[in-house]
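Structure first, commentary second.
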Amino acid sequence: MFDALSTEANTTVQTVFGLEGISVNWQPPREDGHGDLMTTIALQLAKKVGQSPRDIAQKIAAALASSSSIEKIEVAGAGYVNVWLKPAVLLQELKITEAACTAQKARKGEAPVIVEYSSPNIAKPLGIHHILSTIIGQSIANLYEHLGYYVIHWNYIADWGVQFGKLSVAHRHWGTKSIQEYTLDELLTLYVRFHKEVDAGKPELEEEARKEFKKLEDGDAALRTFLDAVVATTKISLAHLYKRLHVSFDVDLGEGFYEDKMAPVIEEGKRTKVFVEGEKGALITNFAESTGLPPYMIVKGDGATLYSTRDLAQMRYRIDTYHPQAIYIVTDIAQKLHFEQLVATCKQLQWEIPAFENILFGRMRFADGKMSTRTGNIVKLEEVIEEGVHRAAHVISSRGESIQTDDPKALAEMMGVGALVYGVLSQNRKMDIVFDWDKCLSFEGNSAPYLMYTHARACSVLRKAKVQHPKMPKDAHTFTTHERTLLSKLLQFPSTIEAARTEHLPHTLANYLYQLCQDFNAFYSADPIVTAPEAERNLRLALTSLTASVLKTGAELLTLRVPERM
């Protein structure tokens, strides 16, 4: 953004101070009223130049004052350089924002970025805690895809392990029909029954389950058929929920897919002596003391494989099959150690792994503290979504004619799902997330309804003006305070989505959209739009249209949908 100004500033630093290779970074000011752009370059150069930051800033300002791009320039504070750009320059730069509202085409021949998220367990509905990995991962994948990366959306389903043996044992003991006839909720009931029986004095069931899983690993055909049926039921049930959340995947291979891919990895580890014998005959990886990592178990003493075995096989498969430039896996912070050990093991095996990050998020809780049912079971995600839709319908009904919609039911779905999703994504994923229904369904503050209502308001203005795609004028004599504030915020959209992608922080985009809503609503209240004189009307309608486009694009990157009427 503002390449010409950056070039001028770089040349100025080189000429005035004799410094080469210095790149002047222009940023939006931290507070309104301090120009369109600011730079802290003077503070950065103080030691090199041997002058005070303010003296440096004044010399830079004096040299740039004659720039054809600059309307006004001033030095503030300890040495900040604030710049006000000419209207024509600002309007020209808005073309970049307009372009940013359209997804870039995937660059040909580029290696893919794999983003893994959601990762449900077979035979269990998604719990409320699954919302975190699912929508954080989807939004990060959306950002990469929107910016032209070739993205593979990957759902790694937990369809292997002793939990499967438990389900098989439960069905054999207490099943009343063929496994193909069970719903996902009924499969969960069987699984819960298993643990109740163990707790009631039948610990031998645990050993029976371990043996059952071992039989599956050894190739038992009947158990494979049983597993396939359970996986199919799980996927069909989850597909409906994913659709409501606007979540999609390109690959949904489960742990069982790597059944025949683990042995080569195990043999390689043994051959290279990366895998060594641990307690009771287990295979483990040891790490240098300096890493602080404990030993990593690869195979149990009885020969059974583990989650770690399958993750190593999956890493090898992804590298060999897709040759990705990066792999990002979105998980709870509790998985941090596992993935540190995984990557460290890959390095000991001397694999050439791509850029890798375990994108972590904190824990989630409701403001009222209720994250489980009265029986102690985790609340199902679908039940929470339904509660959100019900609450949204009540809000719509209670607001009467102040909400305009042709389809209250569809709007309630949009608001309810959006409130849940945005309530999560608007918070920093690195922190624990607190969810509050009242806050998330409010039409004031940083919420999905506020975002939706602002978008609908912008669309309403365009309908009243009877224009759909007003063109941005090439020049303007001056801007009102609110026009300039809104325009400056719109200019930040391209850099915001790039920052959200680079840092894997969706809340950066959410908070930007909230600020844009505030700036647009202030502009809407202060400056007449439809009734303004022609020149002002054209500019304000164009700003309104671009605001609607940015809000819609940003919302969809965060998996939300926004209405045109509300």
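For the reader, a short list of remarks on this structure follows.
- Every pair of residues 6+ apart whose Cβ atoms lie under 6 Å, when the first sits in region 88-117 and is closer than 20 Å to ALA4 by Cα while the second is loosely packed, with under 14 Cβ neighbours inside 10 Å: ALA88/ASP475
- Residue list for region 287-298, filter: free of Cβ contacts under 8 Å to residues at least 24 places away in the same chain and surrounded by 14 or more Cβ atoms within 10 Å (Cβ to Cβ): PRO295, MET297
- Being of a type in the set (Ser, Thr, Tyr), closer than 20 Å to THR97 by Cα and modelled with pLDDT of 95 or more is a condition met by at least one residue of region 499-510.
- Selection from region 470-507 of residues that are farther than 16 Å from GLN27 by Cβ, surrounded by fewer than 18 Cβ atoms within 10 Å (Cβ to Cβ) and in contact with a Ser or Thr (Cβ under 7 Å, 6 or more places away or on another chain): none
- Looking across region 265-286 at every residue that is in a helix (DSSP H, G or I) and free of Cβ contacts under 8 Å to residues at least 24 places away in the same chain, the one that is farthest from GLY301 (Cα to Cα) is identified as ARG271.
- Selected residue [of a type in the set (Gly, Ala, Ser) and out of contact with any His (no Cβ under 6 Å at 6 or more places or on another chain)] from ALA526, ALA510: ALA510
- Near pairs, Cβ below 9 angstrom, 6+ apart or cross-chain, from region 318-331 (assigned to a helix (DSSP H, G or I)) to any residue that is loosely packed, with under 14 Cβ neighbours inside 10 Å and among the charged types (D, E, K, R): ILE319/GLU352
- Of the residues contained in region 168-181, none is found to be in a helix (DSSP H, G or I), touching a residue at least 60 places away in the same chain (Cβ under 8 Å) and either under 26 Å from THR305 (Cα atoms) or under 22 Å from the mean Cα position of the chain (by Cα) (or both).
- ALA111 at pLDDT 90 or above, within 29 Å of GLU483 (Cβ to Cβ) and not assigned by TED's automatic domain parsing to the domain that holds SER545: no
Results for (1) under 24 Å from ASN521 (Cα atoms); (2) buried (at least 19 other Cβ atoms within 10 Å of the Cβ); (3) within 20 Å of the chain's Cα centre (by Cα); (4) at pLDDT 90 or above, shown as yes or no for each residue.
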| site | (1), (2), (3), (4) |
| --- | --- |
| ILE403 | yes, yes, no, no |
| LEU425 | yes, yes, yes, yes |
| ASN428 | no, no, yes, yes |
| ASP432 | no, no, yes, yes |
| LYS439 | yes, no, no, yes |
| LYS464 | yes, no, no, yes |
| GLN468 | yes, no, no, no |
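- Residues of region 544-566 that are buried (at least 24 other Cβ atoms within 10 Å of the Cβ), of a type in the set (A, V, I, L, M, F, W, C) and part of a helix (DSSP H, G or I): VAL550, LEU551, LEU557.
- SER398 being surrounded by 17 or more Cβ atoms within 10 Å (Cβ to Cβ) and among the hydroxyl-bearing types (Ser, Thr, Tyr): no
Table: residues versus (1) modelled with pLDDT under 85; (2) touching a Lys or Arg at 6+ places or on another chain (Cβ under 9 Å).
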residue	(1), (2)
ALA9	yes, no
LEU19	yes, yes
GLN27	no, no
GLU31	yes, no
LYS48	no, no
ARG54	no, no
ALA57	no, no
ILE60	no, no
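- Helices (runs of 4 or more DSSP H) contained entirely in region 386-477, each with at least 3 residues that are among the β-branched types (Val, Ile, Thr) and in contact (Cβ under 8 Å) with a residue 60 or more places away in the chain: 408-425
- Residue within region 507-522 that is in a loop (DSSP other than H, G, I, E, B) and either without any contact (Cβ under 8 Å) to a residue 24 or more places away in the chain or closer than 25 Å to ARG244 by Cβ (or both) present: no
- Candidate set: region 102-134, residues that are of a type in the set (Gly, Ala, Ser) and not in a loop (DSSP other than H, G, I, E, B); chosen: the one nearest to VAL231 (Cα to Cα): GLY127
- When region 243-262 is limited to residues that are out of contact with any helix residue (DSSP H, G or I) (no Cβ under 8 Å at 6 or more places or on another chain) and modelled with pLDDT of 95 or more, the one that is nearest to MET315 (Cα to Cα) turns out to be VAL251.
The values are calculated or read from the model by the stated rules, or taken from the named source; none is laboratory data. Every value quoted in this text rests on a predicted model; they were computed, and no experiment measured them. Methodologically, a virtual Cβ is constructed for each residue, glycine included, from the backbone with ideal geometry; neighbour enumeration extends over all protein chains shown.
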